[in-house]
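See below for the structure under consideration.
Each reported figure results from applying straightforward, stated rules to the coordinates on display, with no laboratory input. This is a predicted model, so every value here is computed, not measured. Cβ placement follows ideal geometry from the backbone for every residue including glycine, while neighbour counts extend to all protein chains displayed.
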Amino acid sequence: MAVPRFKTSKARTRRRQSINMKLSSPTLIECSTCGNRVLLHHVCPKCGFYRGKQVIVPESKV
Ligand SMILES: [Zn+2]
């Protein structure tokens, strides 16, 4: 069986592992009601609509 000749250094190990450690940016969609940029699967904070229905009262109107 093949045996590695050198011990893999911490730097080399971590450099390899860091490839999959990137944080993915949150998915933003445009609100269908007001066109505001909203997180996917989240209520729009500007108009309070989610899936075409008023779910919450927006903070600016209160
Ligand atoms: Zn909206």
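A few comments on the model shown:
- Each residue in region 13-62 was checked for being more than 22 Å from the chain's Cα centre (by Cα) and assigned to a helix (DSSP H, G or I), and 4 pass.
- Verdict on Gln54 being touching a Gly at 6+ places or on another chain (Cβ under 7 Å) and polar (S, T, N, Q): yes
- Residue count for region 22-47, restricted to those that are within 8 Å of the ligand (Cβ to nearest atom) and free of Cβ contacts under 8 Å to residues at least 12 places away in the same chain: 3.
- In region 7-49, residue nearest to Glu59 (Cα to Cα) [restricted to those that are surrounded by 10 or more Cβ atoms within 10 Å (Cβ to Cβ) and among the basic types (Lys, Arg)]: Lys46
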